[in-house]
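Every number here is computed from the coordinates shown, using simple stated rules; none is lab data. The structure presented is a predicted model; accordingly, all values stated were derived computationally and were not measured. Cβ: placed from backbone, ideal geometry, glycine included. Neighbour counts: every protein chain shown.
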């Protein structure tokens, strides 16, 4: 004789369990109008994608960090570190590319010593 499976759960208990999970799920989403948190992995992937352009000229980019306001700090190294075009590369090129592809990034700045 085959056993049949019965659902002994009370529908009200199921609804309460789902309701208790709702705030946790809502907390994972940014508030309406809030800036999304920067995905560090995506940011690194975008930098890796543009890095060969700088390496071809004997330089490179290093990601220094990203603050809670979405400001990314980049360091130009190698030949790019002393290049007179480094600042414009960051403000006119790298900034645009990263902000287009990484949600939450508000600006890209060069490292300041």
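Can you give me the C-alpha center-to-center distance between the range 66-113 and the range 31-65, rounded to a whole angstrom?
Each part reduced to its Cα centre gives a spacing of 8 Å.
Output the antiparallel fraction of DSSP beta bridges having both residues in the range 40-110, as a percent to the nearest 5.
DSSP beta bridges in the range 40-110 are roughly 65 percent antiparallel.
Treat the count of other C-beta atoms within 10 Å as a stand-in for reagent exposure and order 96, 91 from fewest to most.
Sorted ascending by nearby Cβ count, the order is 96, 91.
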